[in-house]
Every structure is written in structure tokens, then in C-alpha cells.
1. If I filter segment A:92-100 for residues that are in a strand (DSSP E or B), open to solvent by 60 Å² or more (accessible area, probe 1.4 Å), modelled with pLDDT under 90 and touching an Asp or Glu at 6+ places or on another chain (Cβ under 9 Å), do I get at least one hit?
2. Report those strands (runs of 3 or more DSSP E) wholly inside segment A:1-90 carrying at least 2 residues which are of a type in the set (D, E, K, R).
3. Could you tell me which of the residues A:28, A:74, A:52, A:40 is closer than 29 Å to residue B:3 by Cα, open to solvent by 40 Å² or more (accessible area, probe 1.4 Å) and of a type in the set (Gly, Ala, Ser)?
4. Tally up the residues in segment A:54-71 that are among the aliphatic types (A, V, I, L, M), over 12 Å from the mean Cα position of the chain (by Cα) and closer than 14 Å to residue A:25 by Cα, please.
5. Hey, residue B:49 hits all of (1) buried (at least 21 other Cβ atoms within 10 Å of the Cβ); (2) modelled with pLDDT under 95; (3) touching a Leu at 6+ places or on another chain (Cβ under 7 Å) but one; which does it fall short on?
6. Considering each residue of segment B:69-102, count those that are assigned to a strand (DSSP E or B), in contact with a Leu (Cβ under 9 Å, 6 or more places away or on another chain) and within 14 Å of chain A (Cβ to nearest Cβ), and give that number.
7. How about segment B:15-25: which of its residues are surrounded by fewer than 18 Cβ atoms within 10 Å (Cβ to Cβ) and part of a loop (DSSP other than H, G, I, E, B)?
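The values are calculated or read from the model by the stated rules, or taken from the named source; none is laboratory data. This one's a predicted model, so the numbers in the text were calculated from it and none came from an experiment. We place every Cβ from the backbone using ideal geometry, glycine too, and count neighbours over all the protein chains shown. The protein model used for the area step is the full one, side chains on, heavy atoms only, and it has no ligands, DNA or RNA in it. Shrake-Rupley method; radii C 1.70, N 1.55, O 1.52, S 1.80 Å.
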Amino acid sequence: GESVGLHLPTLSVQEGDNSIINCAYSNSASDYFIWYKQESGKGPQFIIDIRSNMDKRQGQRVTVLLNKTVKHLSLQIAATQPGDSAVYFCAENMNNNAGNMLTFGGGTRLMVKP
Amino acid sequence: DSGVTQTPKHLITATGQRVTLRCSPRSGDLSVYWYQQSLDQGLQFLIQYYNGEERAKGNILERFSAQQFPDLHSELNLSSLELGDSALYFCASSLTEATEAFFGQGTRLTVV
């Protein structure tokens, strides 16, 4: 089956630097993508989403970029803070006759060095 | 607080037993999803319900079943438990099938 995957399992950045977390997806029919942040012992927390009719969306300190040509999704975090340390998951959503399924990538652990 | 409530938070049980995990979605959300997360692993989609009906199935074992009740809460039943079923089980809910899903804090199941 098709799946979502991540290039880097662990990313270590200096506090104050920008972080970029990448995600590759293989299902061209996916029309909605979400980034989640999961801190230790907690459930995934919604960060930002983007629909397939857009290529960029900005939130507070976060930007998601979608490149449908190469099926690539990225999450950019500006001025990374220690509180950003967590595992980040991308997820794609495809609604077909079988229903609606949110498929998650393997996750990238972001470590912020003070 | 996401508004999604899962009970219990922790569960320890023996192999061969059966357990029920409960999820109350956010107020107004019609769609409920169940996920399994093993240690240091990603989130594996199990099953989704929308307004009481099963809508999508992922890699859910035959020993597992779920349902969504008329009040929209959902239960995940795990039977004939094996050591490998030890994991975090998350429930998420969304308003519709095409909007962001919000996750509960999970139930940590330990099978001994």
C-alpha cells in the first residue's frame, strides 16, 4: 500500500535556529496534509494543515510547504525553542470509497540544544 | 486539553485477557479514529467511525474490534491479548471526515 515516510529520524538544532522537517508521501490522491507534534507521554497535537490546492501555509512560527510535483511536505519552525523538542509526524488524508483514513509517517525527533 | 477523553489512562493485564478502551470525542465531532503506537514507533491506523458507522479500516487485527455508539463515544475491544499488543492506544476525533483530528492522551496498555 502507499504510505507516508520521513527522511530524517532525528534532527538536532541550536536554540534560535530555524528547523526544517521533511516528509515524503506517495499517494497522489491525498488531498489534505497535517503536521502533528507529540511530546513525551502525550497525544499528538495538531500544529498546522494544508490542502492540496495550496503550496504554502503559515502559522505562528511554523510554515508548511507542499510540493505536489515531487510529493514532498515540509514543516519549517522559525526561531526554534526548547519547547519545540518533540517528535513531529506528518499525516496525509485520502478520502476514497473505502472511507477516510489519516495515514501517519514514521516521525522525526527534534532536539533543541540550548 | 484537546477535548478528547480516553479511559483508562493505564491498563495492565495478562495475556489471553480481554480489555475495553473507551473514548469520548470532542463535543460535536462525528468522526472517531483509533490508533496504535508501539514503543518508539509511529502511529498505526486501526479503524475509523463516522456518526456510528465504520468508515475505514487499517491494520486492525481480527482480535480487535470497535464500535461507535449513538452518543458518539467509541470503544475499542482487544481480546486474546498477547505481549506484542502492549502499546499506547490513541483515539482522535474530528468534526467531519475531512478536517483535522484531535487526539486524546491515550491509554497505555501493558500485557504481562
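1. Looking through segment A:92-100, at least one residue is in a strand (DSSP E or B), open to solvent by 60 Å² or more (accessible area, probe 1.4 Å), modelled with pLDDT under 90 and touching an Asp or Glu at 6+ places or on another chain (Cβ under 9 Å).
2. Per the criteria, A:45-51, A:56-58.
3. Exactly one of A:28, A:74, A:52, A:40 is closer than 29 Å to residue B:3 by Cα, open to solvent by 40 Å² or more (accessible area, probe 1.4 Å) and of a type in the set (Gly, Ala, Ser), namely A:40.
4. In the first step, residues of segment A:54-71 are kept if they are among the aliphatic types (A, V, I, L, M); the result is A:54, A:62, A:64-66, A:70.
Then drop every residue that is not over 12 Å from the mean Cα position of the chain (by Cα), which leaves A:54, A:70.
This time we only want the ones that are closer than 14 Å to residue A:25 by Cα, so: A:70.
Total satisfying the criteria: 1.
5. (3)
6. Qualifying residue count, segment B:69-102: 8.
7. B:15, B:16, B:17, B:18
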